[in-house]
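Reading through the C-alpha cells given below for one structure.
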Amino acid sequence: MIRDEGVGFGLQEEAEGAREGVEVELLLEGLYRLYGYDFRQYSPGSIRRRVKHRMEAERLRTISELQSLVLHDADAMQRLLRDFSIPVTEMFRDSEVFRELRRRVLPELAKLPSFRIWHAGCSTGEEAYSMAIMLREEGLEGRGTIYATDMNEELLERARRGSYPIGRMKQYTSNYLRSDGRQPFSEYYAVDGDDAVIDPTLRKHIVFARHNLATDHSFNEFHLILCRNVLIYFNPSLQARVLRLFRESMTPGGTLALGMKEAVLQRTDWEELDSAHRLYRAV
C-alpha cells in the first residue's frame, strides 16, 4: 500500500488547528470568568495572532501554558490584555472624516443648548482631544461633554495624561490641517522633553471612563457616537450587539461615526448620512 504523505500531513495540520482552537476558547473563557474581560466574540484570526505573539514573548510552547500563566499571574494577564488592546489611533485620524463632522454634524449640535458625545474604544485618547479642539474652534466648547471610554484602564491613564511622543506631531499637524483646522496646531500642545502635552484646558469637558463594549450596557443618551476601527476586531454577533447598544444610547436623529472599513447593516435602525465617510443617522 502506498502511503500518501501529503494527506497525512494535512490531517495532522488540521488536528493541530482544531486543538489550538479549543485552547483559545478555554483561554478566553478563563479570562472572562476570572477577570471579567470578554473576548469570546472577537475575530478569531485577530485573537489567535495576538495570543501567538504573547506566547513567543513569554517563551511558552502552547496556548494551554499561556492559559495557566495568566490565570495564576495577574501581571501576565495585564501583559496579554495589552496585546489584545493594541492602540491604533492618532489625532484627526482619517482627516476627511473629521472635516465632514465639522461641516455636517457640528452645525446640528450647535442648534442644541447642550449635547453629549461618546468616543467608544477611545484607546489613548487622541481622537477625543481632536473632537475637543473642533468644539473649541466652532464655539461649542462648554456646551458639549465628551465621554471617552475604553476597556483598558492602562490606556485610559495614558489618555488622561494627554502626553504623546513629540515625533508624532508632524503627522498630527498634517491631519489637523486637512480637517479644516483653523489655528496653528502647535497652540494646542506644549513641548516637555520628548513629549507633547495637550493643552490641559481641553480636558475640562472630557470624561475618561472604563467601559467594555462586549459586556457593559448603555450609560447615557448621546447626540454623536464615534467608534472607529473597533468593530473590525469583533465577530458578526458581537458587532450586532454593539450596534444595538449604540442605537439604545442614541438620541433620535443622532449620528454614528464608524471606521473607514466598517459599515452598518441594520438598515431599519440607521440611515446613511455619508456612506463614503461611514456616517449614519439613527432612524
- Do we find a residue being farther than 23 Å from Asp216 by Cβ, of a type in the set (Gly, Ala, Ser) and over 21 Å from the mean Cα position of the chain (by Cα) anywhere in region 143-166? no
- Message: So, in region 218-235, exactly how many residues are over 14 Å from Leu106 (Cα atoms) and β-branched (Val, Ile, Thr)?
- Response: 2
- Only one of these is over 25 Å from Asn220 (Cβ atoms), within 24 Å of the chain's Cα centre (by Cα) and not in a loop (DSSP other than H, G, I, E, B): Glu65, Glu90, Glu96, Glu100. Name it. Glu96
- Query: Any residue in region 207-223 that is small (Gly, Ala, Ser) and under 21 Å from Ser95 (Cα atoms)?
  - Reply: no
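Residues are listed down the side, and each one gets a yes or a no for (1) surrounded by 10 or more Cβ atoms within 10 Å (Cβ to Cβ); (2) farther than 21 Å from Asn235 by Cβ; (3) modelled with pLDDT of 85 or more; (4) not hydroxyl-bearing (Ser, Thr, Tyr):
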position	(1), (2), (3), (4)
Ile2	no, yes, no, yes
Glu16	yes, yes, no, yes
Gly21	yes, no, yes, yes
Glu25	yes, no, yes, yes
Tyr32	yes, no, yes, no
Gly36	yes, no, no, yes
Gln41	yes, no, no, yes
Arg49	yes, no, yes, yes
Lys52	yes, no, yes, yes
- Note on the structure: With the first residue restricted to region 17-40 and required to be closer than 24 Å to His211 by Cα and in contact (Cβ under 8 Å) with a residue 60 or more places away in the chain, and the second required to be open to solvent by 30 Å² or more (accessible area, probe 1.4 Å) and aromatic (Phe, Trp, Tyr), Cβ contacts under 6 Å at 6 or more apart or on different chains are Asp38/Tyr32
- Message: Take residues that are of a type in the set (A, V, I, L, M) and surrounded by 15 or more Cβ atoms within 10 Å (Cβ to Cβ) and tell me which of the strands (runs of 3 or more DSSP E) falling wholly in region 217-283 contain 3 or more.
- Response: 222-227, 250-258
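The values are calculated or read from the model by the stated rules, or taken from the named source; none is laboratory data. Keep in mind the model is a prediction, meaning the values are calculated, not measured. Note that each Cβ is placed from the backbone with ideal geometry, even for glycine, and that neighbours are counted across all protein chains shown. All accessible areas refer to the heavy atoms of the entire protein, side chains included, with ligands and DNA or RNA removed. Shrake-Rupley method; radii C 1.70, N 1.55, O 1.52, S 1.80 Å.
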